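> Please see the structure below; I have some questions.
The values are calculated or read from the model by the stated rules, or taken from the named source; none is laboratory data. Being a predicted model, the structure only gives us computed values, none of them experimental. All Cβ positions, even for glycine, are placed from backbone atoms using ideal geometry, and neighbour counts span all protein chains on display. Heads up: the accessible areas ignore ligands, DNA and RNA and are worked out on the full protein's heavy atoms, side chains in. Shrake-Rupley method; radii C 1.70, N 1.55, O 1.52, S 1.80 Å.
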Amino acid sequence: MLWKIRTELADRPGALAELAARCGADEINILSLEVFTAETGAVDELVVSTGVGWSAEDLTALVAEAGCVGTTVRPCQADVLSDAPTRYLRAVLRLIDDPVSVDEELGNLQGFDEYTPAEWARADVLVEIAGRLAERFDTVEGPRPGNGRVPVLRKATVQDADAVVAMHERCSYESRTRRYHVPMPKLTGRTARHLSAPAGGVSVVADVDGAVIGMATAAPWEELGSTTMEVAVLVEDGWQGQGLGLRLLRQVVEEARVLGADRVVCMVQPENHAMLRTLERLRMRSRVVQDGDSLMVSVALSERSLSHAVDRPVVQYRHTRATPSHWSEPPRSAGQPAREHSLAALSALQPHSDRAGAADRDGADRGGRP
């Protein structure tokens, strides 16, 4: 049977030889070895062949006897023995035909929940390739389903997942990227179910004749406090510029309040002018803090929820949310203050719509993410 072992060897000469000798004594054959450099030292990944009767627990105990720590053991197939660069190149070939399979490809290539810095770098390149491929084939063709009808806003359920996937497929690459802050080639059914019924949160969809044409999500962000939720909105391109983003945002904020939130936050790219104006149109007490390359807009839902002090713990946004941390922004350095702005002052600097009373072509329907 084949096993993949990832472990941290003792930081001393001969540690790898000691592990190899320990495996040899139990007739365990080491078939491949890859060494990663990590902040804590070297991380070794071995593929070994064992006889019948060995378990993951047995192998973990064996490498511990050789002085190793932080060990993870999983069964694997013979394809992991092929040359690593060749496996990554074949993954690129598969992405050419199906960019949305990037998550599956990464899982097959790397296989462990904890990535080393080298693996984050590899994953980052594959995600960028998938995003560029998706952008090349992405087309947007004017109004979308039910244009001219009045959308109905309602709470989403997991049964909406397929319609949510279909909406994302109709959205432009730009809209999806503004919504998720990363190149988002496609949306998987699993992620759509999570978005439709977020744990501890709520989603609201805009429905026209059974088609979902917009979605707003509020989900807990525990690192910012147990009563804080993050909100995000996406409206497909053919329905942008009609104020739908503001309607969705208002309703999901109210739903978050019902669930016990006393503050909602929205991460916005600074160039997402329409989202800033939409947040201002909520007419609620707000503040804006610059956090790395993004703006964190906080909206108070109670009298006590919004302190105007800017001292707060640094939260590495993408390290704590749904998107994998290899897409993270550089964290703010120690001692570097957050910069607080007036939401009205920010939006006043942005160009305004020519259409009175209507939202613009709507980064507002695209900013933030759960």
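> If each of residue 97 and residue 190 carries a label point 7 Å out from its Cα toward its Cβ, how far apart are those two points in nm?
2.1
> I would also like to ask the following. Of the accessible area of region 153-197, with the probe set at 1.4 angstrom, what percent is carbon plus sulfur? It would help to have the intermediate numbers written out before the result.
Numbers: 970 of 1940 Å².
C and S fraction of accessible area: 50 percent.
> Only Cα pairs under 8 Å and at least 6 apart count here; give the relative contact order of region 1-121 as a rounded whole percent. Could the numbers behind the result be given before it?
On the way: 151 pairs, mean separation 38.4, N = 121.
Computed value for region 1-121: 32 percent relative contact order.
> Hey, what's the Cα Rg ratio for region 21-118 versus the globular rule of thumb, 2.2 N^0.38 Å?
Expressed relative to 2.2 N^0.38 Å, the Cα Rg reads 1.22.
> Label region 150-223 by shape, choosing from rounded, prolate and oblate, from the square roots a ≥ b ≥ c of the eigenvalues of the Cα gyration tensor; if a/c is under 1.5 it is rounded, and otherwise prolate applies when a/b is larger than b/c, oblate when it is not. Don't skip to the end; give the middle numbers.
On the way: a/c = 1.56, a/b = 1.03, b/c = 1.52.
Cα axes put region 150-223 in the oblate bin.
> Sticking with this one: Per residue, how much accessible area does region 8-99 have with a 1.4 Å probe, in Å²?
On the way: 5340 Å² over 92 residues.
About 58 Å² of surface per residue is accessible.
> Using a 1.4 angstrom probe on heavy atoms only, work out the carbon and sulfur share of the accessible area of region 242-295 in %. Write out the running numbers ahead of the final one.
Numbers: 860 of 1950 Å².
That share works out to 44 percent.
> Which value in nm describes the separation of the simple spin-label points at residue 76 and residue 90, placed 7 Å from the Cα toward the beta carbon?
That separation, rounded to one decimal, is 1.4 nm.
> Counting only protein heavy atoms and using a 1.4 Å probe, what share of the accessible area of region 1-110 belongs to carbon plus sulfur, as a whole percent? Before the final figure, lay out the partial values.
Working: 3280 of 6010 Å².
Using a 1.4 Å probe with all protein chains present, region 1-110 comes out at 55 percent carbon and sulfur.
> About its Cα centre, how strong a charge dipole does region 161-283 have in debye, to the nearest 20, once Lys and Arg get +1 and Asp and Glu get -1 at the Cβ? Intermediate results must be reported in sequence, preceding the final value.
On the way: 14 positive and 15 negative charges, 25 e Å.
So the dipole magnitude of region 161-283 works out to roughly 120 debye.
> What list of ³J(HN,Hα) values in whole Hz, one per residue of region 242-253 in order, does the Karplus curve 6.51 cos²θ - 1.76 cosθ + 1.60 (θ = phi - 60°) give from phi, with Gly and Pro shown as x?
10, x, 5, x, 5, 4, 5, 4, 4, 6, 6, 5
> Still on this model: Taking R0 as 51 Å, what's the FRET efficiency between residue 226 and residue 17 from their Cβ-Cβ distance, rounded to 0.05? Before the final figure, lay out the partial values.
On the way: r = 50 Å, r/R0 = 0.98.
About 0.55, to the nearest 0.05.
> If you don't mind, another one. To the nearest 10 Å², what's residue 26's accessible area with a 1.4 Å probe?
My reading of the accessible area for residue 26 is about 50 Å².
> Distance between the C-alpha centers of region 1-75 and region 248-307? Whole Å please.
Here the two parts' Cα centres lie 49 Å apart.
> Would you tell me the accessible area of residue 173, worked out with a 1.4 angstrom probe on the heavy atoms of the protein chains, in Å² to the nearest 10?
The accessible area comes out at roughly 40 Å².
> List the extent of the Cα atoms of region 157-313 along each of their three principal axes, largest first, rounded to whole Å.
On the principal axes, region 157-313 reaches 44, 31, 26 Å in Cα extent.
> Assuming R0 = 22 Å, what is the FRET efficiency of residue 283 and residue 257, from their Cβ-Cβ distance, to the nearest 0.05? Write out the running numbers ahead of the final one.
On the way: r = 15 Å, r/R0 = 0.68.
For residue 283 and residue 257, the calculated efficiency is 0.90.
> Using 7 Å Cα-to-Cβ label points, what is the residue 55/residue 36 separation (nm, one decimal)?
Distance between the two pseudo-spin positions: 2.6 nm.
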